[in-house]
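In what follows, a single structure is set out as structure tokens and then discussed.
The values are calculated or read from the model by the stated rules, or taken from the named source; none is laboratory data. If you're wondering where the values come from, they're calculated on a predicted model, not measured in any experiment. Quick reminder, even Gly has a Cβ in these numbers, built from the backbone with ideal geometry, and neighbours come from all protein chains shown.
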Amino acid sequence: MNRLEAASVLLSLTQQLRREGSWTGETHVQKAAYVLTRVLGVPLGYEFILYKHGPFSFDLRRELNAMRAEGFLAWEVRALPYGPSLKEGELADALKRQFSAAAKRYEKQIEFVAKRLGGKDVKTLERFATAIYVTLDMEAPREERAARIHKLKPHVSIPEAELAVKEADEFLREAEAANMGPIQAAAGEA
């Protein structure tokens, strides 16, 4: 997928997240793009690492900034509790017209991710995306994966980590059952 096709997918993801009640701050788009890429196999081409607040891509951060500079996305300043939100920019329609095939090709995956992540707050997204990251990285019972999350992120309690791992397992099963794309590792059971 070329850069503008990926930008079209990101724009579509941002729009769908907003429709599902997401704040669509950068954290929301980062976590949703991670799940879209790593779980559902949408080839956006961004590398993710486990960072301060879960999976994060510096490449994706640069791309979101470039999309803002090019007028495909814009910041919307909103009232608290979070920072600004991403929304369509002045040239979003031009991007959609020229590169709609890529977003259309992955429409089912975009909707799947947006429906399941759109209503989550930042803290829940961090725990969920980290649970996906750990689950795809290690085949282990839920308790071991929860302990790993707590070790990586001490501010996440064991009960919160266990709940996140349970939710990640359910998400991975749903994605597989819906034939959403290549899930790169099976969720562990316990």
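Numbers for the structure displayed
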item	result
Cβ-Cβ under 7 Å pairs, at least 6 apart or on other chains, region 60-88 side closer than 15 Å to Leu10 by Cβ and modelled with pLDDT under 95, far side surrounded by 14 or more Cβ atoms within 10 Å (Cβ to Cβ) and of a type in the set (Phe, Trp, Tyr)	Ser85/Trp23
Residue match in region 127-138 (condition: touching a helix residue (DSSP H, G or I) at 6+ places or on another chain (Cβ under 7 Å), more than 21 Å from Gln30 (Cα to Cα) and modelled with pLDDT under 95)	yes
Residue list for region 93-144, filter: closer than 16 Å to Val156 by Cα and hydrophobic (A, V, I, L, M, F, W, C)	Val122, Leu125, Phe128, Ala129, Ala131, Ile132, Val134
So Leu172, is it among the aliphatic types (A, V, I, L, M), within 30 Å of Arg3 (Cα to Cα) and in contact with a strand residue (DSSP E or B) (Cβ under 6 Å, 6 or more places away or on another chain)	no
Condition check for His155: out of contact with any Gly (no Cβ under 6 Å at 6 or more places or on another chain) and part of a loop (DSSP other than H, G, I, E, B)	yes
Selection within region 17-43 - over 12 Å from the mean Cα position of the chain (by Cα) and modelled with pLDDT of 95 or more	Arg18, Arg19, Glu20, Pro43
When residues of region 15-54 are limited to those that are assigned to a helix (DSSP H, G or I) and of a type in the set (Lys, Arg), the one surrounded by the most Cβ atoms within 10 Å (Cβ to Cβ)	Lys31
Filter result for Glu170 (modelled with pLDDT of 95 or more and surrounded by fewer than 16 Cβ atoms within 10 Å (Cβ to Cβ))	yes
